[in-house]
Amino acid sequence: MKIKVKKKNSDGIVRLESSGQLREIVMNEDFLNPKNESIALCFRGKSSSGIVEISKKEFELLNKEMDKKKHLLGDVKVMKFDK
């Protein structure tokens, strides 16, 4: 998994790029406020880690778009190599 972030601050634009493996997917449920449900993608790399948090609505949009484009991927084999 690769993460690329571009943020504007007082010094100008700061770009940050990091990578790591997806370690855990956490479903955050709020019974009192069901609209605040979210999905957290937790990743960890060699010298970095983080959480990407998306709402239920964003996840549904992502899933819908992926279903449309899934046929473009074809048969994919995921191979993992140690460096």
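Restricting region 1-20 to residues that are loosely packed, with under 10 Cβ neighbours inside 10 Å and touching a Lys or Arg at 6+ places or on another chain (Cβ under 7 Å) leaves a set whose member that is farthest from R44 (Cα to Cα) is I13. Residues of region 61-83 being part of a helix (DSSP H, G or I) and either in contact with a Pro (Cβ under 8 Å, 6 or more places away or on another chain) or loosely packed, with under 11 Cβ neighbours inside 10 Å (or both), which ones? Matches in region 61-83: N63, K64, E65, M66, D67, K68, K69, K70, H71, L72.
Please specify each residue of region 30-78 satisfying the condition of being polar (S, T, N, Q) and more than 13 Å from the chain's Cα centre (by Cα).
Listed by number, the residues that qualify are N33, N36, S47, S48.
Just to be sure, is E29 surrounded by 10 or more Cβ atoms within 10 Å (Cβ to Cβ) and at pLDDT below 90? Yes: the conditions hold for E29.
The values are calculated or read from the model by the stated rules, or taken from the named source; none is laboratory data. Here the structure is a predicted model, which means the values were calculated and not measured. With ideal geometry, Cβ positions are generated from the backbone for all residues, glycine too; neighbour counts draw on all protein chains shown.
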